[in-house]
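Step one of this worksheet: look at the structure below.
Derivation of every value follows stated rules applied to the coordinates shown; laboratory data play no part. Worth saying up front: this structure is predicted, and the values here are computed from it rather than measured. A quick note on method: Cβ atoms are made from the backbone with ideal geometry, for glycine too, and the neighbour counts reach across all protein chains shown.
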Amino acid sequence: MHRAPSLSRALDSGRRTWLRQAGASVAASMLGSGAFAQDDTVRIVVPFPAGNPIDAGARVLAECLRATTRRNHIVDNKPGAGGIIGSAEVARAKPDGSVLLFTTGGHNTTAVLYSKLPYDVLRDFTPITQLATSPGFALLVRSESRFKTVADVLREAKAKPGTVSYGSFGPGNTTHLVGALFARSAGVDLLHVPFKSSPLQDLMGGHIDLTWFNTSGAQEFIDHGKMRALAISWPSRVPELPNVPTLAELGVKDVDIPAWTGLYGPPRMPAALVQSLYANVVAASRQPEYTTWAKGSRVIVTNVPPQQFASENADELRRYRRDITPLGIKLD
């Protein structure tokens, strides 16, 4: 589908940013190889492909950690099986701080979506910090959509069950889960259309009716007039979209899949090492490059302390087992 020139330039600009960040990380790796012993390099495993916003965030963090600790940090992309392959590698690593996992909230949903995992998401990882969060997910339609409000969507969905479609970034992806929770809470039957990559082009082309996208990422498309947000799955309205209601305001409750990134280590890491790594991350997040990235990506830097992050992981997993398990979504 032909993109409008303004949106194309914006997306191309984003790609150039990722490439610059990737280049900076590679350059840091090359410089570090002469300044540090090989076993002094910290490998940050990202269980997703290179060239996406998650990967970009990891590369900015690696560069800022190198600057603040004077120790080489490299990003190692290990994609596959929805993040399981890379995560499993970290779960088997030595707990000496040389191998870390940079991942998303999907780390916890895998425990509900897969009957058999090669690790236990709570027992086999050491939570270091939740790095950043995005204010929930936005329910998006293309700008020319016949749906002007959530009430319009629900009205048609109830009149014609199974015909209103929503696209996701793949089976079991958080965008799939948010859509399924929304349908259950609203009491409607929606047609789920999973994509191998992104549903956004098909949404703008009118091939699907709806999609869910993290609010931070959706802002760019809304600003360019390509999409409209009907609601957000967040406890309160967000400053960037002050006129967009929350689902709770509209009477649709319990649609709660947080969008965040976090840093983990292998199991049984010494507490003193965990605290040291956490302090390093906090210092790195204050670097100008990191704050510029966070502002441009429209994410909220949280730097949740290790013990609190561990507690939140356990609470989130309990909630997912309560809310997601009844949906009957399994990926194995």
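Each DSSP beta bridge with both residues in the chain is either parallel or antiparallel, and the antiparallel ones are about 60%. Consider the candidate values (1) 6, 25, 33, 24, 10, 2, 0; (2) 5, 23, 29, 22, 15, 6, 1, 0; (3) 5, 20, 23, 14, 14, 14, 8, 2, 0; state which one is P(r) over Cα pairs in 10 Å bins from 0, in percent computed from the structure displayed. Only one option fits the structure, namely (1). Look at the dipole of region 137-250 built from charges on Cβ: of Leu230, Gly217, Val150, the Cα furthest out on the positive end belongs to Val150.
So what's the back-of-envelope 222 nm ellipticity for the chain, counting only DSSP H runs of four-plus at -39500 (n - 2.57) apiece and dividing by all residues, rounded to 500? If you can, show how the numbers build up before the last one.
Values: 11 runs with 143 residues, N = 332.
After summing the helix terms and dividing by the residues of the chain, the value is -13500 deg cm²/dmol.
The relative contact order of the chain comes to 25 percent, based on Cα pairs under 8 Å that sit 6 or more residues apart. Return one number: the angle in degrees, 0 to 90 and rounded to the nearest 10, between the long axis of the Cα atoms of helix 174-186 and the longest principal axis of the Cα atoms of the chain. With rounding to tens, the tilt is 40 degrees. Treating each Cα of region 137-250 as an identical point scatterer and summing with the Debye formula, the log10 of I(q)/I(0) at q = 0.20, 0.21 Å⁻¹ comes to -1.08, -1.21. Of Asn72, Phe125, Gly265, which is farthest along the charge dipole of the chain in the positive direction, counting Lys and Arg as +1 and Asp and Glu as -1 at C-beta? The residue sitting farthest along the positive end of the dipole is Asn72. The distance linking region 72-150 with region 218-249 is 24 Å (Cα centroid to Cα centroid, whole angstrom). Between Lys116 and Leu273, the FRET efficiency from the beta-carbon distance, with R0 = 30 Å, is close to 0.50. Between Thr292 and Asn243, the modelled labels are 3.3 nm apart [label points 7 Å from Cα along Cα→Cβ].
Over the alpha-carbon set of region 212-332, divide Rg by the Kirkwood Rh and report the Rg/Rh ratio to two decimals. Working shown, then result.
Details: Rg = 17.6 Å, Rh = 17.3 Å.
Expressed as Rg/Rh, it is 1.02.
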